[in-house]
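Okay, so here's the structure we're looking at.
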Amino acid sequence: MLPRFSIFKRLGFAAVVASLCGAGPAFASSNASAIPGWLAGYVGEGSGQIAPVVLERARALYLEKVAEGRVRNTCYFAMDATRPNDRTGGTTGGRFYMICEASRSFRVISSGHGGGRNLQGVANFSNGRECAKNFGNAMDSNLTAGGAYLTNEIKTTFKGYYRASPNQDAVLTRSFVQFDGIGDTANARQRAIGGHAAALVSGICMQKKPESPYANRQGYVPFGKLVTYGGGRSDGCTSWSPEDAAQVLSMVKDNPTTLYIYPEARDISAVARAIASGQSPAKNGSYWNASCLSEIGAPQFWPKEKLEPIIAQYKQDHPAPPPRPIPLCEAVSN
């Protein structure tokens, strides 16, 4: 866990804000608050570092919301979705950043990106496991949308039982922190975009367990296999390993903060234009992680105005089959 912020308790919130923001407005000028020396050491494009543009925008968003009085949390988050999805996690890789300036704490962890979809014969905006090529803000697109977010309420839901040991079953409940977007991400709530642990119960059957508080009227509960996918993809949400998710959620419980996800639509367009003209994005003043750019060729942003009609028409042309009843579990002897 990250250390408690004793400096915050001693000086009070106003003093911490003053130390972070200086005397002037936080977002009125890009020079309103210089990056502290201790944090500058983490800035760069190497492993375990945060790209300058990602930190600059994440920090500006945080300071702006602090100045507005909408955020009192002493930590803020950022994600660089142009980086590879580090399946090993740890402090040397990853692309999700937890920055707590009051305690001089910087940590980077693994996080998943939106998998997108392949509408066969119509449009393919799917993403691989390692690098994201497609981004967008359309409903039902399963794509990551870069931009500004605020964390909000946390909801915990029951996902099912699984076999934890040869003689013991366990319950998976998963907490989800809702993101509220700003600008291009303003439909985050409608899209059910937020953050959660990369864990689910798959291969579900219905097991007789009438004593369970989660049992249905017939006394059955869903039972399956626990699957964690810290190096996998999501339906557009930000996902973390179960261990990291517990820490992230504890940091924002009843204490909202900001999250900035890079790249935005403007960044994607700038990089795509540079590549189309045969130029290096870096020479054009644009940033994209080099290894992922080599893998994807060129990124693409799918605006909701373009993609939502395509998805709606595809649903109409390919109606979902009627739901099938979940089978009963076969008897298992312990």
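The values are calculated or read from the model by the stated rules, or taken from the named source; none is laboratory data. No experiment lies behind these values; they were computed from the predicted model shown. Cβ sites come from the backbone with ideal geometry, for glycine too, and all protein chains shown count toward neighbours. Heads up: the accessible areas ignore ligands, DNA and RNA and are worked out on the full protein's heavy atoms, side chains in. Shrake-Rupley method; radii C 1.70, N 1.55, O 1.52, S 1.80 Å.
Could you grab the relative contact order for region 131-211? Cα pairs under 8 Å, six or more apart, rounded to a whole percent.
On the way: 124 pairs, mean separation 21.7, N = 81.
Relative contact order here is 27 percent.
Take every Cα pair under 8 Å in the chain that's 6+ residues apart, average their separations, divide by the length, and report that relative contact order as a whole percent. Each step should come with its number before you reach the end.
Numbers: 696 pairs, mean separation 64.9, N = 334.
This gives 19 percent for the chain.
As a check on your grasp of the helix formula, calculate [θ] at 222 nm for the chain: sum -39500 (n - 2.57) over DSSP H runs of n ≥ 4, divide by the residue count, round to the nearest 500. Each step should come with its number before you reach the end.
Values: 8 runs with 79 residues, N = 334.
One gets -7000 deg cm²/dmol as the mean residue ellipticity at 222 nm.
Applying 1/(1 + (r/R0)^6) with R0 = 30 Å to the Cβ-Cβ distance of N216 and R129, what FRET efficiency is obtained, to the nearest 0.05?
Rounded to the nearest 0.05, the efficiency is 0.30.
Of the accessible area of region 121-195, with the probe set at 1.4 angstrom, what percent is carbon plus sulfur?
47
Can you give the % of DSSP beta bridges in the chain that are antiparallel, to the nearest 5? Before the final figure, lay out each step's value.
Numbers: 41 of 57 bridges.
About 70 percent, rounded to the nearest 5.
What is the set of long-range amide H partners of Y220 at a cut-off below 5 Å, with H atoms built 1.01 Å from backbone N?
Counting only residues 5 or more places away or on other chains, the set is K209.
Can you tell me the orientation of helix 265-276 relative to the chain, as the angle in degrees between its alpha-carbon axis and the longest Cα principal axis, to the nearest 10?
80
Highest mean first, what order results for 297-310, 157-170, 314-327, 236-249 on Cβ atoms within 10 Å?
Going from most to least packed, we get 236-249, 297-310, 157-170, 314-327.
Keeping to pairs on different chains or 8 or more places apart, tell me how many lysine pairs in the chain have Cα atoms under 24 Å apart.
Lysine pairs meeting the criterion: 18.
I need to check one value: relative contact order of region 139-271, counting alpha carbon pairs closer than 8 Å and at least 6 residues apart, in percent.
Numbers: 267 pairs, mean separation 41.3, N = 133.
Relative CO of region 139-271 lands at 31 percent.
What does the charge dipole of the chain about its Cα centre add up to, to the nearest 20 debye, if the Cβ of each Lys and Arg holds +1 and the Cβ of each Asp and Glu holds -1?
460
Please compute the per residue accessible area over the chain with all protein chains in place, 1.4 Å probe, rounded to a whole number of Å². Mind showing how you got there, number by number?
Values: 16380 Å² over 334 residues.
Each residue of the chain exposes 49 Å² on average to a 1.4 Å probe.
Relative to the longest principal Cα axis of the chain, at what angle does helix 242-252 sit, 0 to 90 degrees, rounded to 10?
Computed tilt is about 50 degrees.
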